[in-house]
Amino acid sequence: QVQLVESGGGLVQAGGSLRLSCAASGSIFSIVSMGWYRQGPGKQRELAAIITSASSAHYAASVTGRFTISRDNAKNTVYLQMNSLKPEDTAVYYCNLNLAGKHYWGRGAQVTVSS
């Protein structure tokens, strides 16, 4: 069993910052990538940021320059530092773990940015 536990969501004013964390536990092996997806109100789930096993990071154009993804391999934890937040960043943020092609999801963390 693989479990992903997210933390760090909340309410912040536009221009503020939040840091999301996602800790993976269980049978963790052959990590391909860890990442964050988000789903805004009335929108489809979309990729926000992803980091590969080789620590190569990729970002959606809408968050590039504002968000930073990082990993702690020893703790099987992925972080998302979100700066200069905008109201359009309001969404449920889901942690994703790709283990040898099989995807696991966290339950989601609500991020709300007020104008």
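The values are calculated or read from the model by the stated rules, or taken from the named source; none is laboratory data. For clarity, every value in this text was computed on a predicted model and none was experimentally measured. We place every Cβ from the backbone using ideal geometry, glycine too, and count neighbours over all the protein chains shown. The protein model used for the area step is the full one, side chains on, heavy atoms only, and it has no ligands, DNA or RNA in it. Shrake-Rupley method; radii C 1.70, N 1.55, O 1.52, S 1.80 Å.
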Taking square-rooted eigenvalues a ≥ b ≥ c of the alpha carbon gyration tensor, is segment 22-74 rounded, prolate or oblate, where a/c under 1.5 means rounded and, failing that, a/b exceeding b/c means prolate? oblate
List, in order, the whole-Hz ³J(HN,Hα) value for each residue of segment 26-36 obtained from phi through the Karplus relation with A = 6.51, B = -1.76, C = 1.60 and θ = phi - 60°; use x for Gly and Pro. x, 7, 9, 7, 6, 5, 8, 6, 10, x, 10
Length gained when the stretch R19-A100 is fully extended (0.36 nm per residue, less Cα-Cα span): 26.5 nm
Among all stretches of the chain without exposed trypsin sites (Lys or Arg not before Pro) (DSSP loop, at most 11 other Cβ atoms within 10 Å), which one is longest? 44-106
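Counting residues in segment 1-89 as N, plug N into 2.2 N^0.38 Å and put the Cα Rg over that result. The partial results should precede the final answer.
Values: Rg = 13.3 Å, N = 89, 2.2 N^0.38 = 12.1 Å.
Dividing the Cα radius of gyration by 2.2 N^0.38 Å gives 1.10.
Keeping every protein chain present and rolling a 1.4 Å probe, give me the accessible area per residue for the chain in Å².
Values: 5980 Å² over 115 residues.
So the chain comes to 52 Å² accessible per residue, rounded to a whole number.
Roughly how many percent of the accessible protein surface of the chain is carbon and sulfur, given a 1.4 Å probe and a whole-percent answer? The partial results should precede the final answer.
Values: 2900 of 5980 Å².
Solvent-exposed carbon and sulfur of the chain make up 49 percent of the total.
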With a ≥ b ≥ c the root eigenvalues of the C-alpha gyration tensor of segment 50-115, is it rounded (a/c under 1.5), prolate (a/b larger than b/c) or oblate? prolate
Spin-label point model (7 Å from Cα, Cβ direction): what's the A54 to I28 distance in nm? 2.2 nm
